[in-house]
Amino acid sequence: MADERRISLRLPTDLHARLVEQARADRRSLNSEIVHLLEAALGPVDGGDELP
């Protein structure tokens with residue numbers, strides 16, 4: 001990711017715990033897991049049919 005933006009994000013404690021557990025299960029950092037989930041939910045940037 002050449003272009004990156006930092007954001008401050010507030011999450012409910014239970015959602016944070018779920019994300020941490022999912023990241024651990026997927027062997028990703030919490031940040032990488034959140035990016036992965038957002039990309040999967042929003043679809044590819046170019047509008048193609050490929051999954052992220």
Search result, residues across segment 1-37 that are assigned to a helix (DSSP H, G or I), surrounded by fewer than 12 Cβ atoms within 10 Å (Cβ to Cβ) and aliphatic (A, V, I, L, M): L15, A17, A25
Residues of segment 38-47 satisfying the condition of being open to solvent by less than 100 Å² (accessible area, probe 1.4 Å) and either in contact with a strand residue (DSSP E or B) (Cβ under 6 Å, 6 or more places away or on another chain) or in a loop (DSSP other than H, G, I, E, B) (or both): G43, P44, G47
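The values are calculated or read from the model by the stated rules, or taken from the named source; none is laboratory data. Because the structure is predicted, anything quoted here is derived from the model rather than measured. Counting neighbours? That spans all protein chains shown, and the Cβs are built from the backbone with ideal geometry, glycine included. Note: accessible area is taken over every heavy atom of the protein model, side chains too, but ligands, DNA and RNA are not part of it. Shrake-Rupley method; radii C 1.70, N 1.55, O 1.52, S 1.80 Å.
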